[in-house]
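Participant: I have a structure I would like to understand better, so I am pasting it below and will then ask my questions one at a time.
The values are calculated or read from the model by the stated rules, or taken from the named source; none is laboratory data. Since the model is a prediction, treat every value here as computed from it, not as a measurement. Glycine gets a Cβ as well: all are built from the backbone with ideal geometry, and neighbour counts include every protein chain shown. To get the accessible areas, we keep the full protein, side chains included, count just its heavy atoms, and leave off ligands, DNA and RNA. Shrake-Rupley method; radii C 1.70, N 1.55, O 1.52, S 1.80 Å.
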Amino acid sequence: MFLNIFPIFLLFFLMLPLSLIFSWKTLRILLLAIPILGFLQILSMDLNTSYVINLMNLELQLVRFDKLTRVFGLIFCLAAFLGNLYAWHVKDKIQQVAAIMYSGSAIGAVFAGDFVTLFFFWEGTAIASVFLIWARRTPAAYHTGMRYLLIQIISGLILLMGTVLHYKYTGSIEFSKLELDSLASWLIFISFGIKCAFPFLHNWLQDSYPAATVTGTVILSAFTTKLAVYALARAFPGTEILIYIGAAMTLFPIFFAEIENDLRRVLAYSLNNQLGFMVVGIGIGTEMALNGTAAHAFAHILYKALLFMSVGAVLFRTGTSKASELGGLYRTMPITATFCLVGAASISAFPLFSGFVTKSLILDAVAYKHYQLIWFILIFASAGVLSHSGIKVPFFAFFSHDSGLRPKEAPFHMLMAMGLTSALCIIIGITPGLLYEYLPFEVSYKPYSTYHVINQLQLLCFAILSFIIIKWLNLLPQEIRSINIDFDIIYRKVIPDFFKHMLGKFEVIIKIISVVKLTLIEIIISLLDKFIGSDGRISRIWSTGNMVLWIAIVLSLILVLNYSTNI
Amino acid sequence: MNSPDIITSTKSFLDHLPVLQVLFPFAFAPLCVLFGHRKIALYITISACALAFVISLLLLRQVLIVGVVSYELGGWPPPVGIEYRVDFLNAFLLVLVSGMAFLTSIYLIGTMHAEIEEDKQTLFLTCFLLCISGLLGVLITGDAFNLFVFLEISSLSTYVMVAQGANKDKRALTAAFDYLVMGTIGATFFVIGIGFLYAATGTLNMYDIAERIREDLPNRTIQVAFAFILVGLGLKGALFPLHTWLPKAYSFSPTPTAVFLASTATKVAIYAIIRFLFSVFHSHPSMLESVLINIVMPLGILAMFAAGGIAFYQRDLKRMLAFSSVSQIGYILLGVSFMSTIGLTAAVVHLFNHGISKALLFVCTGIIFLSFGSSFYKNIKGLGRRMPWTSAAFLIGGLSLIGIPGTAGFISKWLLVQAAIEQGSWLIVAAILISSLIAILYVWQVTEIMYFAKSPSTETKEYLGPSSFLIVWILAFSTVFFGLNTSFTVEYSSKAANLLMNNFTMEK
Amino acid sequence: MKNKETNRSKNIYEWIENPRITRFLILGFIIICVGLFVSDFFYVRHPYFSIDKLFGFYGIYGFIMFTLIIFASKALRLLAMRTENFYGSKAVDSEEYPNEELDLEKKDVS
Amino acid sequence: MIQALVLKVITKLMVGFIILFALYVQFHGDYSPGGGFQAGVIFAAAFILYGMVMGLQNVERVLPPWLTHKLMALGVIIYTLVGIYSFFVGYNFLDYGALSPAHPEHGQHYGILLVEFGVGVTVAGVVISIYYAFVNRSKTSKEDE
C-alpha cells in the first residue's frame, strides 16, 4: 500500500543531501539502484491511483497515475538507468547529482496531476539539467548553458503565468485536457512548445546538446523534450494546429542535419525531426495516434540515447565529434560501430527494429484521418531520417575515409550501456506486443503485414540506392569544419549587435550612469559597514550603560505612545 | 473558601500532570547535588528530562480531550491560590521546551566532559534542571507573580550555565555578568509591572486580572504596568534593541547551554509576551493596537534586517547564529503584531520551528567547535569534506533559516506572508521576502566556506559520538519532517491562535 | 606481431577493405532493390490515397526524395554555412573539448 | 585567626544561644514573626561568627563545605517531599490538609512547619556556602599574589 502511493521520484532528490555525505564511488551505485527501484515501483503500481497533499489551500496532486503516466514513467526510469550506467566512469559529483535530479524532476513532472506541481518539476528539469552543460567547465559551455537556462526558465515562467490565468478563469489547477481558446491555454501551449522545440523555438536544443559533456548529452537527450511531448499529449490531444507544427518540425531539421559538421548537433536536429512525428500524432489525437506518440517516444528515447552514446564514445576516445575529423573508426571500435548501426537502423525504421513498429502507428493514424499532404511530408521525412541519422552518422564516424585516428574501443561500462540499449531496440522491434501492452489505449495494430514491410523496405532501399549512386558520383555534401546559421542568429548575433551599436552612441550617458551607480553602491556599503559591519555601531559589543539606555528609550517610547493616544 | 475536607475523591495521576511537569526537573535538581557524582547526576538529568517530555505529551493529549486543564496548588482555588493552567498555546510550547531539554540532555552525554570543567559538571546539571523547571513553570503558571518567580529561577540558573563557558573562554564571565545585569533589569521591570497591576486590581491571577481590568476605563496604572511588562519581557525575549545580551551570552557559553537557550529561553519569554497581550490586556484593544503597530512591528522588521545584516558580517559561526536568532525573533514579533489569527499562528509555529532549526544549527556548531577548537570561519574551511554528516545537517538547518520549501522554516514564513497579505500590507510582504534574501546571504557564506573553500592540510578528527550524531539527525529529520508534515504544528498553533484571538475579538 | 594478427582477425568489418566483397555486396543490394520493386506484383496492396496506388510508388518516392534532400541541403549550405568562429570564442564549436573529461587512449596498431 | 581571648570565649558562649534562637524562630514561624528564611540566616550566622573568630579550618571541621551543598539540596527535597506526599493520599500538590485528613487545620500546621524547616535548611546551607565561597576566594587570591 505504501509503495503504491509513495512517490518514488522523491528518492531521486534524496541524492542531493546524500551527495554531501557519500563519495562518487558510492553515489554511482545508488545512481543505478534508484532508477531500478523506480521502474519496479511503477510496474507494480495500481492504475488510477493518486496522492494529494494539501499545501495552504491548494490541493496538489503529487501523483496521478494512469496509463499515459505509466509508459512515460517507465521509459524515464529506463533512460535514467542506462544514462547513469553509461556515465559510470564520471567522477564529478555535480554531474552525478544533476543527472539524477534531472531525471527525478522529469519523472515528477510526468506524475504531476496539477499545473503547480508540474511547474515546480518543470523548472526542476531546467535547473538540474543546465549543470550537465556547465560541467564541461569551459567559457563556451558556460555561455551556452546560460542561454539554455534562460530559455528553459522562460518556458517555466510562461507556464506559471498560464497556470495563474487558468486558475483565475476556471478555478482549477488540474492538469488535464485544455482547449486552445483562452490566453491561459495559449500561454501553457507556448510554454510546452518551447520545451518541445517547436519551429523557431527550437534553437536551444541544437545549441546546447552538443555543448554538454559526453555523458550529459545522453541524459539530456532523454528527458526535456519527451517531457514536453508528454505534457502536450496530456493537455492538447487532437489540437489541429499541432499537426502542421509537427509536420514542419519533421521537415526543416532534415536539411540542417544533412550539412551539419558536429555529429552531436546532427543528432540534435534529428531529435527535433523525430519530435515532429510525435507532435503530429498528438495533433491527430485519435487513440491510435496517441498510442503511436507514446510508443514512438518510448522507442525514440532508446535509439536516440544509443546514437548519442556511440557518438559520445567516439568523442570520449578521440576528443572530437566533428564529421570532418572522424572516419574509419570501425577498425578499432567495431563494437561501438555495430551498436551505432543498430541505433541507425532503429531510427530509420527498418523492419525488426524499434522505430518501425512505433512510427508506422503514427503514419497509419495520419493516413486514416486522410491528411494526405501531412502523410507525404512524413514519408519524406522518413527518408530524411535515413539520410542523416541512418547513414550520415555511422558513415562519417565509423566508415568513410580513414582519418588516421586509432582510438581504443569504448570502455566496458559504455559498451554495456550501449549493448543493453541495442538489445531493447531489437526486442521492441521483434516483439512489439511487449511495448504495446503498456500503451495508453488498447492496441489492435499489427505492424508486420506483408505490404507494410515491403513498402517500408522499398522506401529505405531505394533511398540507400540513391545514396550509393550519389556517393559514387561524389556529389555528397563535403564535411567541412563549419557551422550553419539557424534561427538562433536572431538572439545570438542580430540583437546583441544591434544593442552594441545603439549603446555605442550613448557612451557618455552610460558612463555617467555607471559612475553614479558606483558611488551610490560605495556609499551604501560604507554605511552598512559603519552600522552593522563587524565593528559597526549596532553590532559591536555594547557597554552595559548603552544597553540600559536603550531599555529606557524603548520604555519611554511605549509610555509616551500610550499617554498620547489615550488622552 | 472551600475547606479541604470536601475533597474526598482521590485524584488520579493524570490530574496531577500540570504540577508534575514542573516538579520533575525541579525535584531532581537537588538530587543531583545530593548524590554529587557527575555520572549519576547526568543520568538523573536525563531521566528528569525524559519524564518531563512524556508528561508534556500526556498534557497535550489531555488538553485535546478536555480543552483547558486547570490545577490549583495547595488546594486553594484561584484567584487566591496559585493556578496552573494549560491550554493549547502552552501545551504546545511545553512539548517544545521539554523535548528540547530532553535532546540537550542526551547531547550532554557525549560532550559534557569536553565542554565543562569536571568539578563543575554536577553544578551545571543542577542549574540545567532548575532552568528547565523555571521555563516550564513560566509556561504553565496562570499566576503573574508565580510567573516572575519562575522567570527568575530560569534566569538565575541560566547565568550560571552561561558562565560555565569560562572553561574555554574567559569572556564568558563578562557575558554572564552582562546577561545578569540586563536580565535583572528585565525581571525588575516585569515585577514593577506586576506591582502596578496588583495595585490596580488587587489580584495576581492572570485571568482574574483580565476580568477586573475590563471594567476600568483606560487607566494610567494599567498603561504603565503594560509598558513595564512589555519592556521587561521584551528584554528577556531579545526584542531588537534590547537584544544586546544575547549574542555574547550565546557565543561564549558552552554549546549545550547555547543549544538549550537558543531553542527555548527567548521563546518562553515571547510566550509570556503573547500571554500577557492576549490573555491579560486584551480588554484594552486600542492600547495594544497602538503599541503593537507603532512599536513592536517596526522593531520586529528592523530586527529582521539589522540583525540579519549583522549576521552576514560576522566571522564566527556562533555569533552569526546568535544574530540570526535576533532576526528570527523579529519574524515572530512581526507575526504577533499583526493581531490576527493567522499572524499569531505564524508566530507560534515559528516559535516551534525556529526552536528546532536553531537547536540543530547550534548542535552542529558545537560539534564543529569541539573538533576544530574554534568556530571562526577562517578555521573551518573545507569542513564539508572533513565532516560530511555534520555539515550536511548544518546545511539543512541553514535552509530552514532561509525558509526553503521542504524545511520547517518555510511553513512559518509562508504563514507570515499570508498574514501580511491578509492585512493588505504588501510592503511587509516585500520586507519578509527581502530579509529572507539576507538570510540566504549569510547561510550561503557559511556554505561556501564549508564546501567550496580549500581546506588547510591539518588533520582534524570529527568529534561526533553516537549520542551527538543521534541528536543531530533527530533534529535534522524533524526540521524536514515539520516542513513537509504540518498537521501537528500548524493545527495546534492555529487552535492556540484561535483561542487567543477569541478573547481579543470579543473585546472589540 | 601475433597480437596484431588476432586484433585484425577479430574485426567484424574486415570485409570493407576488400573491394571484391564490397562490389559483390553492392550488386546484391541492387538485385534486392529490383526484387522489391518487382514484388509489387505479388502481394495485396493497401493504398491509403490515390497516388500511392502507383506501381512501385514507395521505391520511386524514396529514391527521388533522398536525392532531393541531398541537393536541397547543398543549396542550403550556400545560404547558411559560416565559419566555426562565426559566434566568436564563446561558442562550443570553436573550442576544443576539454581533455579532463576524456580518456583518449589509442590502440596499438601500426 | 584572631588571637583575642575575649572574643573567643564570648563566641563559644554565644554560638549555642544563637542556634537555639534560630530554632525558636524556625519552629514558631507559623505563630509569630519569623520563619524558615530568617531562621536559616540566624543559624548560618552562628557558623559564620564561629568561623570568623575561630578560623576557617575549625568551622570547616564542624561543617565541611560539601555538607553545606548537601544541606541546600536537602531542604528542597524536604519541601518537595511534603508536596508529593499530598499526591499520594489524593490531594493536590502542597495541600497540607493531606497530612492530617481528619483535622485539616492540624495538617496545615504540620505542613507549614515541615516546609519552613526545609526552607530553613536550604537557606542556612546557601548562606554558609556563600561565606565559604568568599573566604576561599580571598585565600586563593592571596595565593595568587
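Participant: At 1.4 Å probe size, with every protein chain present, just tell me what the per residue accessible area of the stretch A:1-234 comes to in Å².
Facilitator: Dividing the accessible area of the stretch A:1-234 by its residue count gives 34 Å².
Participant: Separate question: Nearest 100 Å² is fine: how much accessible area is buried between D and B, summed over both sides, with a 1.4 Å probe?
Facilitator: Buried: approximately 1700 Å² between B and D.
Participant: Oh, and also: Under unit Cβ charges (Lys, Arg +1; Asp, Glu -1), what dipole magnitude, rounded to 20 debye, does chain D have relative to its Cα centre?
Facilitator: Using Cβ point charges on Lys, Arg, Asp and Glu, chain D gives about 500 debye.
Participant: Using a 1.4 Å probe and counting only protein heavy atoms, how much accessible surface gets buried when B and A come together, both sides summed, in Å² to the nearest 100?
Facilitator: Buried area (both sides, nearest 100 Å²): 3400 Å².
Participant: Report the net charge of residues surrounding A:GLY216, where surrounding means a beta-carbon distance below 11 angstrom and charges are Lys +1, Arg +1, Asp -1, Glu -1.
Facilitator: Neighbourhood net charge equals 0.
Participant: Taking the solvent-accessible surface of protein heavy atoms with a 1.4 Å probe, what is the per residue accessible area of the stretch B:326-392 in Å²?
Facilitator: 17 Å²
Participant: What does the accessible area per residue of the stretch A:237-482 come to in Å², with a 1.4 Å probe and no ligands, DNA or RNA counted?
Facilitator: Computed with neighbouring chains in place, this is 27 Å² per residue.
Participant: Ok, one more. Chains C and A: buried accessible surface, both sides, probe 1.4 Å, rounded to 100 Å²?
Facilitator: 7200 Å²
Participant: What do you get for the angle between helix A:450-472 and the principal long axis of chain A? Use alpha-carbon atoms, 0 to 90 degrees, nearest ten.
Facilitator: Roughly 90 degrees, rounded to the nearest 10.
Participant: For the residue pair A:SER172 and C:VAL38, what label-to-label distance in nm results when each label sits 7 Å from Cα along the Cα-to-beta-carbon direction?
Facilitator: Going by the 7 Å Cα→Cβ label model, 6.2 nm.
Participant: Here is a further query. Subtract the Cα-Cα distance of B:LEU470 and B:VAL181 from 0.36 nm times their separation in residues, and report this length gain in nm to one decimal.
Facilitator: Full extension from B:LEU470 to B:VAL181 adds 100.4 nm.
Participant: Name the residues of the stretch A:547-564 whose accessible area, probed at 1.4 Å, falls by at least 40 Å² once all protein chains are in place instead of their chain on its own?
Facilitator: A:MET547, A:ILE551, A:VAL554, A:LEU555, A:ILE558, A:LEU559, A:LEU561, A:ASN562, A:TYR563
Participant: What is the ratio of the Cα radius of gyration of the protein assembly as shown to 2.2 N^0.38 Å, where N is its residue count, to two decimals?
Facilitator: That ratio works out to 1.18.
Participant: Determine the share of the stretch B:284-508's accessible area contributed by carbon and sulfur atoms, expressed in whole percent, with a 1.4 angstrom probe.
Facilitator: Carbon and sulfur: 69 percent of the exposed surface of the stretch B:284-508.
Participant: While we're here: For chain C, set up a Gaussian network in which alpha carbons nearer than 10 Å are linked by springs, and say which option among C:GLY28, C:GLY88, C:GLY59 fluctuates the most.
Facilitator: The residue that fluctuates most here is C:GLY88.
Participant: Which value in nm describes the separation of the simple spin-label points at A:LEU40 and A:SER526, placed 7 Å from the Cα toward the beta carbon?
Facilitator: A separation of 6.7 nm, rounded to one decimal place.
Participant: Calculate the spin-label point distance for A:ILE490 paired with C:ARG23, positioning each point 7 Å from the Cα along the beta-carbon direction, and give it in nanometres.
Facilitator: Here the answer is 5.4 nm between the modelled labels.
Participant: Give, ordered by residue number, each residue of the stretch B:313-327 whose 1.4 Å probe accessible area is reduced by a minimum of 40 Å² on adding the remaining protein chains to the chain alone.
Facilitator: B:TYR313
Participant: With an 8 Å Cα cut-off and a minimum separation of 6 or more residues, compute the relative contact order for the stretch D:6-145 in percent.
Facilitator: So the answer I get is 28 percent.
Participant: Estimate the FRET efficiency between A:ASN474 and C:GLU14 by the formula 1/(1 + (r/R0)^6), using the beta-carbon distance for r and 22 Å for R0, to the nearest 0.05.
Facilitator: So, using R0 = 22 Å, E works out to roughly 0.30.
Participant: What are the residues of the stretch B:386-413 that lose 10 Å² or more of accessible area, with a 1.4 Å probe, going from their chain alone to all protein chains?
Facilitator: B:PRO388, B:TRP389, B:ALA392, B:LEU395, B:PHE410, B:ILE411
Participant: Averaging sequence separations of C-alpha pairs under 8 Å and six or more residues apart, then dividing by the length of chain A, give the relative contact order as a whole percent.
Facilitator: 12 percent
Participant: In peptide B:13-25, what is the residue-averaged number of other protein chain Cβ atoms found within 10 Å of each Cβ?
Facilitator: For peptide B:13-25, the averaged partner shielding equals 2.
Participant: Computing the accessible area with a 1.4 Å probe over protein heavy atoms, can you report the carbon and sulfur percentage for chain D?
Facilitator: Answer for chain D: carbon and sulfur cover 72 percent of the accessible area.
Participant: Return the long-range amide H neighbours of A:THR49 (sequence gap of 5 or more, or a different chain), with a cut-off of under 5 Å between placed amide H atoms.
Facilitator: A:PHE65
Participant: Here's a follow-up. Report, by chain and number, residues whose modeled amide H sits under 5 Å from the one on B:ASP143, excluding near sequence neighbours (fewer than 5 apart, same chain).
Facilitator: Amide H neighbours of B:ASP143, under 5 Å, 5+ apart: B:GLU83, B:MET206.
Participant: So what is the 222 nm mean residue ellipticity for the protein assembly as shown from helices alone, if each DSSP H run of at least 4 adds -39500 (n - 2.57) and you divide by all residues, rounding to the nearest 500 deg cm²/dmol?
Facilitator: After summing the helix terms and dividing by residue count, I get -23500 deg cm²/dmol.
Participant: I've got another one for you. Roughly what angle does helix A:495-505 make with the longest principal axis of chain A, taking Cα atoms, 0 to 90 degrees, to the nearest 10?
Facilitator: Tilt of helix A:495-505: around 40 degrees.
Participant: Starting with the highest mean, order C:42-52, B:137-147 by the number of other Cβ atoms within 10 Å, averaged over the residues of each peptide.
Facilitator: B:137-147, C:42-52
Participant: Heavy atoms only, probe 1.4 Å: what % of the accessible area of chain A goes to carbon and sulfur, would you let me know?
Facilitator: After summing per-atom areas, the C and S share lands at 71 percent.
Participant: While we're here: Can you give the FRET efficiency for B:ILE293 and B:GLU211, using 1/(1 + (r/R0)^6), R0 = 30 Å, r = Cβ-Cβ distance, to the nearest 0.05?
Facilitator: Computed FRET efficiency for B:ILE293 and B:GLU211: 0.70.
Participant: Another question, if that's okay. On average, how many beta carbons from a partner chain sit within 10 Å of the beta carbon of a residue in A:379-388?
Facilitator: 5
Participant: OK, next. Given R₀ = 45 Å, what would the calculated FRET efficiency be for B:LEU484 paired with A:GLU437, taking r from the Cβ atoms and rounding to 0.05?
Facilitator: The calculated FRET efficiency here is 0.80.
Participant: Roughly what angle does helix A:93-111 make with the longest principal axis of chain A, taking Cα atoms, 0 to 90 degrees, to the nearest 10?
Facilitator: With both axes taken from Cα atoms, the answer is about 80 degrees.
Participant: OK, next. Ignore the peptide's own chain and count Cβ atoms of other chains within 10 Å of each Cβ in D:85-93; give me the average, rounded.
Facilitator: Across the residues of D:85-93, the mean count of other-chain Cβ atoms within 10 Å is 6.
Participant: Checking understanding here: applying a Kyte-Doolittle mean of at least -1.0 and a length along the axis of at least 27 Å (C-alpha), which whole DSSP H helices in chain C pass?
Facilitator: Long hydrophobic helices here: C:19-38, C:57-80.
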